[in-house]
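Report on the structure given below.
The values are calculated or read from the model by the stated rules, or taken from the named source; none is laboratory data. Values in this document were obtained by computation on a predicted structure and should not be read as measured data. With ideal geometry, Cβ positions are generated from the backbone for all residues, glycine too; neighbour counts draw on all protein chains shown. These accessible areas exclude ligands, DNA and RNA; they are computed on the full protein's heavy atoms, side chains included. Shrake-Rupley method; radii C 1.70, N 1.55, O 1.52, S 1.80 Å.
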Amino acid sequence: SPGSGKTALLEATARALAAAPGGGSSHHLAALSGDLATDHDGARLRAAGIPAATITTGSACHLDAKLVHQALHHLDLGDADTLVIENVGNLVCPAIYDLGEAAAVVALSVTEGEDKPLKYPTMFHGADLVLLTKIDLLPHLLGFRMDVLEDALARTMPRLKVIRVSALTGEGLPEWIAWLETQRAQLVAGAHAHHPGQHAHTHAH
């Protein structure tokens, strides 16, 4: 959703990767950011050290594979091994369009309420992971029932996988980064299996 903390989470992820032991992680992100009218999020990502380009959609409420393809021609990936596509904030339209992604991640903030998975099931049905964001605000959300939200996610996600994260405190970031590393390793292993003896293309798009 708009305001669920997608960009803030990517900024925090970049900081955590840069602060990894040994002078920085071997894991490097690049990003495409979808927005109706501005480059605000793309600028924030670039300031955080993530090579990023903005796809401005005008009135369209989602990205599609053609827009992603075109934008990639104008993005210098550098040494990035994982491309993050930050879709337009929306729990409806983006669920329908395949962007060529290897994995679909939904950022759902605790401030959005407990019923979002049941109200927008298509988005959560296709998700490989839900990042439950702004977890640091839980003490201030009187009446919020985590068990109700988790039940709603279990009802709508065929393969339930949830990580609680806070871009502010860093809670959950190690688990999130480990999940990214696992996804990348599986893609590389799959590339080797399909093309034995050849150098695997390790960019996860």
Let me understand region 1-145 better: what is its radius of gyration from the alpha carbons, and its Dmax, in angstrom? 15.7, 48
1.4 Å probe accessible area per residue over region 123-172, in Å²: 54 Å²
Run the reach check for K134 against aspartates and glutamates, Cα to Cα strictly under 15 Å, same-chain hits fewer than 8 apart removed. What comes back? E11, E112, E114, E171
Residue-normalised value, i.e. accessible area per residue, for region 1-106 at 1.4 Å probe, in Å², stands at 46 Å²
If the cut-off is a Cα-Cα distance under 13 Å, which aspartates and glutamates reach K116, setting aside same-chain residues fewer than 8 apart in sequence? E150, D151
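I'd like the FRET efficiency for K119 and A178, computed as 1/(1 + (r/R0)^6) with the beta carbon distance as r and R0 of 22 Å, rounded to 0.05.
Numbers: r = 30 Å, r/R0 = 1.38.
The calculated FRET efficiency here is 0.15.
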